[in-house]
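Nothing in this text is a laboratory measurement; each read-out follows from the coordinates by a stated rule. Not measured: the values here are computed from a predicted model. Cβ placement follows ideal geometry from the backbone for every residue including glycine, while neighbour counts extend to all protein chains displayed.
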Amino acid sequence: MSKLGDLGARLYRGEVGYDFVGKRKIWYGLSILITITAIVGLAVRGLNMGIEFQGGAVFTTPKTSVSVAQAEEYAEEASGHDAIVQELGTGGLRIQISGVDTAKSDEIKDALSKDLKVDSEKINADLVGPSWGEQIANKAWQGLGIFMVLVVIYLAIAFEWRMAVAALVALIHDITITVGIYALVGFEVTPGTVIGLLTILGYSLYDTVVVFDSLKEQTKDLTKQSRWTYSDVANRSINSTLVRSINTTVVALLPVAGLLFIGGGVLGAGMLNDISLSLFVGLAAGAYSSIFIATPLVADLKEREPAMRNLKRRVLAKRAAAASQGESPETASADEPYDQEPEDATPAVVGPRDQRSQPAARNRGRGRPSGKRR
Amino acid sequence: MAAPKKGRSASAQGKPGRSLALILIAIVALTGGMFLSGHTTPRLGIDLAGGTSITLKAKSEPGQESAINKTNMDTAVEIMERRVNGLGVSEAEVQTQGDRNIIVNIPKGTNSKQAREQVGTTAKLYFRPVLATEVSGAAASASPEPSASSSASKESDGEEATDKDEATPSDESASGTPSASATSQGRAVTDALAADSTPSASASAPASAGDDAATGADSKLQAQYAALDCTKPSVRATADDGAKPGDSSLACGQNSQGQWQKYLLGPAAVDGTDVDKAQAVYDTQSGAGWKVTMDFTSGGAKKFGDITGELAQKQSPQNQFAIVLDGDVVSDPYVRQALTGGTAEISGSFDQTEAQELSNMLSYGALPLSFEEQSVTTVTAALGGEQLHAGLIAGAIGLALVVIYLVVYYRGLSLIAIASLLVSAVLTYVIMALLGPAIGFALNLPAVCGAIVAIGITADSFIVFFERIRDEVREGRTLRPAVARAWPRARRTILVSDFVSFLAAAVLFIVTVGKVQGFAFTLGLTTLLDVVVVFFFTKPLMTILARRKFFASGHSWSGLDPKRLGAKPPLRRSRRVSAPVDPKEA
């Protein structure tokens, strides 16, 4: 099996693990940094809206021998903006360029007439309105708003409100980063971009929910034991779904990476770049935030709950007691089942190790726990 | 390995063969349907395949030059967009060009004639009291040829004030009984004109010229009315030209006998903007066929109640009002009492399409301006062919990488994953191809990219399932019970997370318009297919393959080798032997 496969087994056995919850401050910090960068980028550079949103100029030429691809190059050179070129039934070209006003349009017209070798008189220039009107945008916002409310309600019912809040934070985090990168790179925002963002919205929530589902399952009956705090279990939950998260992310990212780096980079397909960039960044951010932001956030929120605080107190007291008996608390707690389900009903579940202070190797071969079971 | 525990696991796992057969039959049926229908490729959007571009120019009407302004043009764009792209999946684009032109781009393969009718029809609707009406022209015979405004003319062919033609309030449907109004002839005794005319009441047909001569301010209109010959298409087309809603006007319509009838109509009492929403319904009670019911806004309901109350006092034909759509009288029901229910209906011999078109137009509103078609031309794809090509190559390479990754990581199990992805891809493709002709679904580049992301979401379902199985194997279970136990947990995860995706799709589809709606449709479709494929294909296939020796014995290439997975010895946990560590209960 591949190394990743071994990793899966070792993660499963708890030989390795990363303390996502314990080191959450680092990742919160990193995310805040990235988000601030994104917001600053957005504020400073703004979004470069495409012709579909803000309208622009359209040039209709008579029949010409220049190919569509060439004309697109000429038009982009002359205007400095993305151009959409279509061939008309008459053999002429329709060239649409965003962000152009009347004065600029004359300039472009002259440049085009030179490049395309047609009489500038015969090029018909006109301003076009947006095809993605305000109404579409408004309805889209409205739809998003309703969806957010519903999804928070759903998550609050299916899971709990803390998870709903954390999922929402992760979602906003992903979208902000994606939009920010868009602003920084300076790509033009097309309807494709918006669709890409919506796709990310769906994916980000999906991924978070998968991780939360495992979290919910593992924290069931948590208060019936006093060996593990919520954070411990949350961390174990992340680690146990880590292989799934990595695999899913790889499988989702590979085709998009193909579009972005091969399709856009090597083969030079313009509009593909726009869409695949937003997808790539968004998918990566979505996978990252489910693990590094959403789950630790739930743990943070949960630890404030009185029941969980009590639990933590009990756990710490127990560990302290164990330590005073000369046993390291980690070992004491290393292999105890925390849930009370009979063995034949659940896979032999034993408690999570405290990843924080327990390197995997140290635990190897250590025998039974001493004393204090629960 | 397959033998022991047969009873329990077999019942727990259902009948995998049946599900597999079911989905294979579905695939074959859908694919067969696709080939039979002859639409073997999905329709592509303008950006990928090009299409037809229609340029419409706003007509300036005398006295209303200022009506062609940015606000009205934008409203017209919005309304046209919704007419051609009601479901949001057809990828039609509408935008203004210059000050008074609107471009409508329709992807290749759309019925462009129908689309041209949809965008061009103004759908200005007025309820006007009838001042006078009579059958027009001797040659009135049934010649239901279209008049100028294309789709409105369709509606006009069966209308007339027959008994099905009453305006009925929603709550009191017994408002009227048939009276002589169907053949009522004109008599212009009008309050509006404040001019008494001598009722010459010719009770029968072709009494064209001037039997009703009113005196007074509107004598000019009266004269025009007298001269009006509705049998000539050119006359019909211009009958109400220049008529303002607040003035009396002339109009033509066809009665139930197919005869052309001319009307002298009072000022509009209620207009299309007072209609809140309209719906095409099939009238099963009276068997009258398709009709269009309208709900008025509160203001509209009051106006409608007032006018019907007023009309109910009058003699025929002034107790009739005419429903005028784009200058044609679609219907001229009479009124027996004030209708205050806030609803009205237009009946006539509509067929389903006509009724639905009309209700669409009433719901989405009238164009604030009239337009004439200036040019219709083909356009090539907005994204060059090479872009699509590059995208396809890149996507294929990406997919190949996915397959390699799955094979390396999951080995034998990857067969199931890849087969499931294939099934999912085939289903998506076939359904998209079939939806092209069915609801005008067109695939654009963002949708293609969305489908590529859907690979990830679909694969995730398998991955969640596989990881669960492996965890069970790590517990020392043999494969069959491992599969049986892993499934319920994986199933819950898959359903919960797919529900979120589906919720997003459903909300966006209901609330939004245009391309966002199209996206929501694609998302919903792929999410549903994900669930279908996992339930009816991946799970049964896994169950069946778990019986094979290759997998069950944990062959090193099966992806389920207990040793490689680091499984515990079969006898559950034994702390002495295994490391004192804790399997994650993932």
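Round to the nearest 0.05 the FRET efficiency obtained for residue B:396 and residue A:23 when R0 = 45 Å and r is the Cβ-Cβ distance.
So the FRET efficiency works out to roughly 0.70.
Please give the net charge around residue A:121, taking every other residue with its beta carbon less than 14 angstrom from that of residue A:121, where Lys and Arg add +1 and Asp and Glu add -1.
+1
Please report, in whole Å, how far the alpha carbons of the stretch A:56-128 spread along each principal axis, starting with the longest.
Here the Cα extents, ordered largest to smallest, are 26, 22, 20 Å.
Counting Lys +1, Arg +1, Asp -1, Glu -1, what net charge surrounds residue A:48 among other residues with beta carbon under 15 Å of its beta carbon?
Residues near residue A:48 contribute -4 overall.
Restricting to DSSP loop positions (anything but H, G, I, E, B) with no more than 15 other Cβ atoms inside 10 Å of their own Cβ, which chymotrypsin sites (Phe, Trp or Tyr not before Pro) remain in the stretch A:18-66?
Here the chymotrypsin sites (Phe, Trp or Tyr not before Pro) that fit, given the DSSP loop and packing criteria, are A:18.
Suppose each label sits 7 Å from its Cα in the direction of the beta carbon; what would the residue A:43-residue B:27 distance come out to in nanometres?
With each label placed 7 Å out from Cα toward Cβ, I get 5.4 nm.
Sticking to Cα atoms, compute the Rg of the stretch B:474-571 to one decimal and its Dmax as the biggest Cα-Cα distance, whole number, in Å.
For the stretch B:474-571, the Cα-based Rg and Dmax read 18.7, 60 Å.
Pairs B:59/B:113; A:122/B:124; A:63/A:104; A:220/B:515: which exceed 32 Å Cα-Cα?
The answer is A:122/B:124; A:220/B:515.
Let me know the shape class of the stretch B:442-519, please: from the alpha-carbon gyration tensor, a ≥ b ≥ c as square roots of the eigenvalues, rounded when a/c is under 1.5, otherwise prolate if a/b is greater than b/c, or oblate.
Since a/c reaches 1.5 and a/b is larger than b/c, the shape of the stretch B:442-519 is classed as prolate.
Tabulate in residue order the Karplus-calculated ³J(HN,Hα) for the stretch A:22-34, using 6.51 cos²θ - 1.76 cosθ + 1.60 with θ = phi - 60°, rounded to whole Hz; enter x for Gly and Pro.
Once rounded to whole Hz, the list reads x, 8, 4, 4, 4, 6, 4, x, 4, 5, 4, 4, 4.
Using θ = phi - 60° and the Karplus relation 6.51 cos²θ - 1.76 cosθ + 1.60, list the HN-Hα couplings for the stretch A:135-149 in order, rounded to whole Hz, with x at every Gly or Pro.
After applying 6.51 cos²θ - 1.76 cosθ + 1.60, I find 4, 4, 5, 4, 5, 5, 4, 4, x, 4, x, 4, 4, 4, 4 Hz.
For peptide B:495-503, compute the average count of partner chain beta-carbon atoms within 10 Å of each residue's beta-carbon.
6
Can you give the mean number of other chain Cβ atoms that lie within 10 Å of the Cβ atoms in peptide A:213-220?
Per residue, the average neighbour count from other chains is 3.
What average count of beta carbons from other chains do you get within 10 Å of the Cβ of residues in B:517-526?
3
State the percent of C-alpha pairs, over all pairs in the stretch A:55-97, separated by a distance greater than 17 angstrom.
20
If you take the beta carbon distance between residue B:234 and residue B:373 as r and set R0 to 22 Å, what does 1/(1 + (r/R0)^6) give as a FRET efficiency, to the nearest 0.05?
0.80
For a label point 7 angstrom out from the Cα of residue A:121 toward its Cβ, which stretches of the stretch A:57-82 have the backbone nitrogen within less than 15 Å?
The answer is A:62, whose backbone nitrogens lie closer than 15 Å to the label point.
Any idea what diffusion coefficient the stretch A:111-182 gets from Stokes-Einstein, in µm²/s, Kirkwood Rh on alpha carbon pairs, 37 °C, 0.692 mPa s?
Result for D is 200 µm²/s.
Would you calculate the separation in nanometres between label points at residue B:40 and residue B:510, each defined as 7 Å from the Cα along the Cα-to-beta-carbon direction?
Between residue B:40 and residue B:510, the simple spin-label model gives 4.0 nm.
Provide the per-residue ³J(HN,Hα) series for the stretch B:412-417, in order, calculated from phi with Karplus coefficients 6.51, -1.76, 1.60 and θ = phi - 60°, each as a whole number of Hz, with x at glycine and proline positions.
x, 4, 4, 4, 5, 4
For an R0 of 45 angstrom, estimate the FRET efficiency from the Cβ-Cβ distance between residue B:389 and residue B:277 and round to the nearest 0.05.
Efficiency for this residue pair is about 0.50.
Hey, can you grab everything whose amide H is under 5 Å from the amide H of residue B:339? Only 5+ residues off in sequence or another chain; H modelled, so Pro and N-termini drop out.
The answer is B:308, B:309.
Can you give me the distance in nm between label points at residue A:142 and residue A:223, each placed 7 Å from the Cα along the Cα-to-Cβ direction?
The modelled label-to-label distance comes out at 4.3 nm.
How high is the relative contact order of the stretch A:14-145, in percent, with contacts defined as C-alpha pairs under 8 Å that are six or more residues apart?
Across the stretch A:14-145, relative contact order equals 29 percent.
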